[in-house]
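The values are calculated or read from the model by the stated rules, or taken from the named source; none is laboratory data. On a predicted model such as this, the values are computed, not experimentally measured, just so you know. Counting neighbours? That spans all protein chains shown, and the Cβs are built from the backbone with ideal geometry, glycine included. Accessible surface is based on the protein model in full, side chains and every heavy atom, while ligands, DNA and RNA are left aside. Shrake-Rupley method; radii C 1.70, N 1.55, O 1.52, S 1.80 Å.
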Amino acid sequence: MKLNGFYDDLKDSYLFHTVAVKTAGYKEKHPDADIIKLGIGDVTRPLPEACVKAMKVACDEQLTVEGFRGYGPYEGFDFLRTAISGYYASRGTKVAAHEIYVSDGAKSDIGNILDLFDRDNTVLVPDPVYPVYVDTNVMCGRRVIYAGANEKNGFLPMPDRAADADLIYICSPNNPTGAAYTREALGEWVRYAAEKGAVILYDAAYEAFITDGSLARSIYEIDGSRACCIEFCSFSKNAGFTGERCGWCVLPDELVIGGKKLADMWLRRQSTRYNGAPYVIQRGAEAALSAEGQTQIAVNLGYYKKNADVIGACLDRLGIYYTGGVNSPYIWMKCPDGLGSWEFFDLLLDKCRVVGTPGEGFGACGKGYFRLTSFNTHEKTAEAADRIGKYFG
Ligand code: MLT
């Protein structure tokens, strides 16, 4: 029997797991340490009331013969697909309900979509990058090349026509850097993909954080994208469903390669390996997209934005370079005093009792950088900024 040898090419553990283990180790040695976590992008605001109300109703339905639901449709319930289509339409973007596939989250879809593509394809990812894009490809031995993001390009790399790629990952607003592409820049990526016959896997998980009206909230706002882009989105960061698990991806009708409609392949894949997100959760997700849900979500997003402002103001005072914090819950900062990412992690934990995520964990170009999130409470974020300001000021 042979194991999948490509696992040997992975780092020993997933980035956020490593951070959690290191933090737990520190806590064991310093049990009284009042640690503030600005590491993993997990939300802290309770769920919108509209979602909880809808989930309670859906739970009660399960007590009745008429309301009970067993297996749901593999693509997601029509009520949610229609609500998501309406969410796009409210911004003037046309995505039909039948092009939307509901799941237990964008992370799963982003990994699972790879089943549709040959192992011999070349994958282009930005560096630094959300580790899932790289690791899921390394696990099946696919060749990964990188588009370097740095201060010079504002952490928004553009296509290099000399490089051939079959699959291209774009995340905007970006995780981890918080930087967001303009429409023109996204148009350039779409043209590049069309020229190369490539598919863009567009991660829109942070679209709700966009406050700059000139930026695109979906790749389908860009001409030509329907023939070469799959979009992934999530209820995690907007409606706070990191625990509930619900997301979706869009496979437009025009996305046809070698005569094969990718949506058909995806349905074949999902119906074989997956039984759909729970009915109760899908009802909660539907409510997140209602007028009431959207109003409540806007309050939570405003809450996180204030946290981002507090962190940004602290870094401004210290004269530290950063991207993000605007249109994004992430702040990507340069480590002070030329420190390495992990050195800064240790120092910040030890001296300020603040946990963040070392930039190096997101790729080689992240060396010397560090990611903070705005997802903690006002009180803890203000306290973290105060400690950082005092120690490095
Ligand atoms: C992050 O911290 O980058 C995210 O929480 C990861 C995720 O959404 O899976």
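Just checking, how many residues over region 370-388 are outside any helix (DSSP H, G or I) and more than 16 Å from the ligand (Cβ to nearest atom)?
Taking region 370-388 as the starting set, the residues that turn out to be outside any helix (DSSP H, G or I) are 370-377.
Applying the additional criterion that residues be more than 16 Å from the ligand (Cβ to nearest atom) yields 377.
Selection size over region 370-388: 1.
For the structure I just gave you, tell me whether Ala185 is out of contact with any strand residue (DSSP E or B) (no Cβ under 8 Å at 6 or more places or on another chain), crowded, with 22+ Cβ neighbours inside 10 Å and modelled with pLDDT of 95 or more.
For Ala185, the condition - out of contact with any strand residue (DSSP E or B) (no Cβ under 8 Å at 6 or more places or on another chain), crowded, with 22+ Cβ neighbours inside 10 Å and modelled with pLDDT of 95 or more - is not met.
Restricting attention to region 276-307, which residues are in a helix (DSSP H, G or I), open to solvent by 20 Å² or more (accessible area, probe 1.4 Å) and farther than 19 Å from Thr242 by Cβ?
If the condition is that a residue be in a helix (DSSP H, G or I), open to solvent by 20 Å² or more (accessible area, probe 1.4 Å) and farther than 19 Å from Thr242 by Cβ, then Ala291, Glu292, Thr295, Lys306 are the ones that fit.
Kindly provide the set of residues from region 1-20 that are more than 15 Å from the ligand (Cβ to nearest atom), in a loop (DSSP other than H, G, I, E, B) and open to solvent by less than 50 Å² (accessible area, probe 1.4 Å), ordered by number. Step through it out loud before you land on a result.
Step one: list which residues in region 1-20 are more than 15 Å from the ligand (Cβ to nearest atom), which gives 1-12.
Narrowing the set further to residues that are in a loop (DSSP other than H, G, I, E, B) leaves 1-4, 10-12.
Leu10, the sole residue that qualifies.
Okay, residues lined up against (1) open to solvent by 60 Å² or more (accessible area, probe 1.4 Å); (2) within 16 Å of the ligand (Cβ to nearest atom); (3) assigned to a loop (DSSP other than H, G, I, E, B):
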| site | (1), (2), (3) |
| --- | --- |
| Lys22 | yes, yes, no |
| Pro31 | yes, no, yes |
| Val43 | no, yes, yes |
| Pro46 | yes, no, yes |
| Lys56 | yes, no, no |
| Cys59 | yes, no, no |
| Gly70 | no, no, yes |
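If I filter region 120-139 down to residues being away from the ligand (no atom under 16 Å from the Cβ) and either at pLDDT below 95 or among the β-branched types (Val, Ile, Thr) (or both), which single residue comes out as surrounded by the fewest Cβ atoms within 10 Å (Cβ to Cβ)?
Among them, the one singled out is Thr122.
Six or more apart or on different chains, Cβ under 6 Å: which pairs go from a residue in region 40-52 that's within 27 Å of Thr357 (Cβ to Cβ) to one that's within 16 Å of the ligand (Cβ to nearest atom) and hydroxyl-bearing (Ser, Thr, Tyr)? Could you list them?
So the pair list comes out as Gly41/Thr373; Asp42/Thr242; Val43/Thr242.
Would you confirm, using the coordinates I've provided, whether Cys229 is within 16 Å of the ligand (Cβ to nearest atom), buried (at least 23 other Cβ atoms within 10 Å of the Cβ) and not acidic (Asp, Glu)? Steps first, answer last, please.
Details: within 16 Å of the ligand (Cβ to nearest atom): no; buried (at least 23 other Cβ atoms within 10 Å of the Cβ): yes; not acidic (Asp, Glu): yes.
The answer is no for Cys229.
Taking the options Thr182, Thr211, Thr177, name whichever one is of a type in the set (S, T, N, Q), within 16 Å of the ligand (Cβ to nearest atom), out of contact with any Lys or Arg (no Cβ under 6 Å at 6 or more places or on another chain) and at negative phi.
Numbers: Thr182 fails: within 16 Å of the ligand (Cβ to nearest atom); Thr211 fails: within 16 Å of the ligand (Cβ to nearest atom).
One residue alone meets the criteria, Thr177.
So how many residues does region 236-275 have that are in a loop (DSSP other than H, G, I, E, B), away from the ligand (no atom under 16 Å from the Cβ) and either open to solvent by 20 Å² or more (accessible area, probe 1.4 Å) or among the aliphatic types (A, V, I, L, M) (or both)?
Filtering region 236-275 for residues in a loop (DSSP other than H, G, I, E, B) gives 236-246, 251-255, 258-259, 274-275.
Among the residues that remain, those that are also away from the ligand (no atom under 16 Å from the Cβ) are: 251-255, 258-259, 274-275.
Now narrow it down to the ones that are either open to solvent by 20 Å² or more (accessible area, probe 1.4 Å) or among the aliphatic types (A, V, I, L, M) (or both): 251, 253-255, 258-259, 274-275.
Result for region 236-275: 8.
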